[in-house]
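Quick notes on the structure that follows.
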Amino acid sequence: MTDVITARNLSKRYGSVDAVSDVSFAVAEGEAFCLLGPNGAGKSTTIRMLATLTRPDGGSASVAGFDVRRQQRSVRASIGYVAQSAGTDDYLTGRENLLVQAAAQRLSRSKARPRVAELLDLVGLADAADRIVRTYSGGMRRRLEIAMGIVHEPRVLFLDEPTTGLDPEARATMWDEFRRMRIEQNLTVLLTTHYLEEADQLADRILIVGRGRVVASGTPESLKAGLAGDSVSVELTNGPSAEAAVGVLARIGLAAVTRDGAVLRAQVERGSRALPAILSVLEAAGLRVESAAVARPTLDDVYLHHAGRSFGEAVSR
Ligand code: ADP
């Protein structure tokens, strides 16, 4: 399989901030590849360098066989780029927005009409095509923006935070449309997200980034399988006592315990073995447990393992 995107030691500095440091990866034809990381991790900067919107300070990259520094025009002709807040015209209909975009991409009128109808169908906006965009929901707007990004049939689509700001239902609809689009349009997709579940749902492979650096990479399954053991979580009846519970658990050898409100989480070799000991030591310390669960590791555990802090902590930083 050929690589459609390659990044080698990409770096970008803003003042004293290393927005992106030494980031390398390759995306194969037809793959959905996800840059996953908390806000400020360098995801947008990476995508903007690949889309030729900002110049790398170090390293090199190619997209669809073209060098992002020297062949900017060819790169741009090969890609669709949907930014975090892409522009639609509120006072035009969905169809009109797409026709304007088709004209901007120099599609002939005879090609534009059927392409626009196809895209409206593809992103589930056929019924709303002739309403002005001002009446669209957030999810509908986002799907229109994505359709606008692929009007010229690019080989590669860059999607920056496709579902940020959408409610869970709109996000789920977007995921369905995304899967359909990939199958029907044969696209290579590079997307960014700070939602672990989104990366898990949509990506063939994930690059976890934090503070401009690569933290880990692999398929969602291999990243989770790479963590031995189980994840144990315990919810205490009384939130403030969770701090004391971390100390109590340290006494039975559980070091990397994280706390999220009243919920404690730890990585153990065998959850079903460890849980009784955890419950009895907490009880002996006078700490009451509301509920407990054992699960296979999640991407959150993967992030915690590699980055040394939980994803939730990093996102709300
Ligand atoms: P992400 O997309 O993962 O949220 P960004 O790539 O937007 O992260 O930002 C990475 C870091 O670079 C952040 O610390 C951000 O503040 C900084 N940064 C991004 N763009 C600029 C810019 N144009 N000028 C100055 N700093 C920037």
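The values are calculated or read from the model by the stated rules, or taken from the named source; none is laboratory data. Bear in mind the structure is a predicted one, so any value in this text is a computation, not a measurement. Here the Cβ positions follow ideal geometry from the backbone for every residue, glycine too, while neighbour counts run over all protein chains shown. All accessible areas refer to the heavy atoms of the entire protein, side chains included, with ligands and DNA or RNA removed. Shrake-Rupley method; radii C 1.70, N 1.55, O 1.52, S 1.80 Å.
Here are some notes:
- Filtered by the rule that a residue be of a type outside the set (F, W, Y) and open to solvent by 10 Å² or more (accessible area, probe 1.4 Å), the stretch 8-18 gives R8, N9, S11, K12, R13, G15, S16, V17, D18.
- Flag if G65 is more than 16 Å from the ligand (Cβ to nearest atom) and closer than 20 Å to E161 by Cα: no
- For first residues located in the stretch 262-278 and closer than 17 Å to H305 by Cα, partners that are in a loop (DSSP other than H, G, I, E, B) and open to solvent by 70 Å² or more (accessible area, probe 1.4 Å) and lie 6+ apart or on another chain with Cβ distances below 8 Å form the pairs A266/A256; Q267/A256; E269/A228.
- Taking the criterion of being over 21 Å from the mean Cα position of the chain (by Cα), more than 8 Å from the ligand (Cβ to nearest atom) and at pLDDT 95 or above, the only residue of the stretch 10-19 that qualifies is R13.
- Residues in the stretch 41-57 that are open to solvent by less than 70 Å² (accessible area, probe 1.4 Å) and part of a loop (DSSP other than H, G, I, E, B) were compared, and the one that is farthest from the ligand (Cβ to nearest atom) is T52.
- The set of residues from the stretch 58-96 being buried (at least 17 other Cβ atoms within 10 Å of the Cβ), farther than 19 Å from L187 by Cβ and modelled with pLDDT under 95 comprises just one member, T88.
- Number of residues in the stretch 20-33 that are open to solvent by less than 10 Å² (accessible area, probe 1.4 Å) and within 12 Å of the ligand (Cβ to nearest atom) equals 2.
- Qualifying residue in the stretch 209-222 (condition: more than 16 Å from the ligand (Cβ to nearest atom), more than 15 Å from the chain's Cα centre (by Cα) and either within 25 Å of T193 (Cα to Cα) or not hydroxyl-bearing (S, T, Y) (or both)): yes
- For P240, the conditions (1) modelled with pLDDT of 85 or more; (2) more than 31 Å from the chain's Cα centre (by Cα) are fulfilled apart from (1).
- Only one of R73, R95 that is in the same structural domain as I47 (by TED's automatic domain parsing), more than 24 Å from the chain's Cα centre (by Cα), closer than 30 Å to T135 by Cβ and among the basic types (K, R): R95
- Residues located in the stretch 221-249, provided they are over 30 Å from A203 (Cα atoms) and surrounded by fewer than 18 Cβ atoms within 10 Å (Cβ to Cβ): E235, T237, N238, G239, P240, S241, E243, A244, V246, G247
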